[in-house]
Amino acid sequence: MDETSPQYAECVLCRKPTEYPESVEGAVYCPVCEWQEAQRTACSG
């Protein structure tokens, strides 16, 4: 990573970088965890 790249928020589940900037509010997930959360909530309804 170079100094000009934006900082990304960490996934609240696995701590990997997400596609969201650090300034975003609330819990954020990386693409993998986001997909898993979507699957989990879709099945529980």
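Quick note: the coordinates plus some simple rules give every number you see, no bench work behind them. Because the structure is predicted, anything quoted here is derived from the model rather than measured. Methodologically, a virtual Cβ is constructed for each residue, glycine included, from the backbone with ideal geometry; neighbour enumeration extends over all protein chains shown.
Using a cut-off of 15 Å between beta-carbons, work out the net charge of the residues near Ala27 (Lys and Arg +1, Asp and Glu -1, Ala27 not included).
Taking every other residue near Ala27 into account, the sum is -3.
Could you tally the net charge around Glu10, taking each other residue with its Cβ under 11 Å from the Cβ of Glu10, Lys/Arg +1 and Asp/Glu -1?
Taking every Cβ under 11 Å from that of Glu10, the sum is +1.
Given the peptides 24-35, 8-19, arrange them by the average over their residues of other C-beta atoms within 10 Å, most packed first.
8-19, 24-35
Say each of Cys14 and Cys43 gets a label point 7 Å from the Cα, pointing the same way as Cα to Cβ; how far apart are those two points in nm?
1.7
Among (i) 1.32; (ii) 1.26; (iii) 1.44, only one was calculated for this model; which label is it, if the read-out is Cα Rg over 2.2 N^0.38 Å?
(i)
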